Structures are given as C-alpha cells and as structure tokens.
Amino acid sequence: MLRELRCISTLRENSRGVFYRRSKAFLHFHEDPSGLYADVRVGNEFDRYPVNSRAQQEFVLNLVKKNCP
C-alpha cells in the first residue's frame, strides 16, 4: 500500500507513513490491538479506515485517489 501511495504525485511523504497534500497532513497510519488503520483527511476532518485486508487497502487507495486530483 505504501508503494502505491508513494506513486501519487500530489502526496509528499514527510516521514515514513505520514503523507501531506500541499501543506496539510492528509494521511497517516495507526496500529492498535484490533489492527492497522489509516486516517485520511476527508474535507476538514480525518476519518479512520481499517487497512488489514487487500480489499480494505484498495478502498482507502481509491478514496485517496478521489481526494487527490
């Protein structure tokens, strides 16, 4: 998933797994006992999405692509 995110030209990875769009944080990851999650800025707020399966990762990748013209 990180490899694919790094290919999106409108995103900049400031530190491992922390992506910015323009000058604002746009996406980062969290791990807790229930799994791995991606926080994605949708509008002005971050929404949390699970990314434990390939289907969940594809969903988040599509969401990111939709919000990163």
Q: Report yes if some residue within segment 33-56 is surrounded by 12 or more Cβ atoms within 10 Å (Cβ to Cβ), on the phi > 0 side of the Ramachandran plot and over 11 Å from the mean Cα position of the chain (by Cα); otherwise report no.
A: yes
Taking segment 1-10 and keeping residues within 16 Å of Asn62 (Cβ to Cβ) and either among the hydroxyl-bearing types (Ser, Thr, Tyr) or in contact with a Cys (Cβ under 6 Å, 6 or more places away or on another chain) (or both) leaves Ile8, Thr10
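Since every read-out is calculated from the coordinates, none of them should be taken as a lab result. As the structure is a prediction and not an experimental result, all values here were calculated from the model. In this analysis, Cβ positions are derived from the backbone assuming ideal geometry, glycine residues included, and neighbour counts consider all displayed protein chains.
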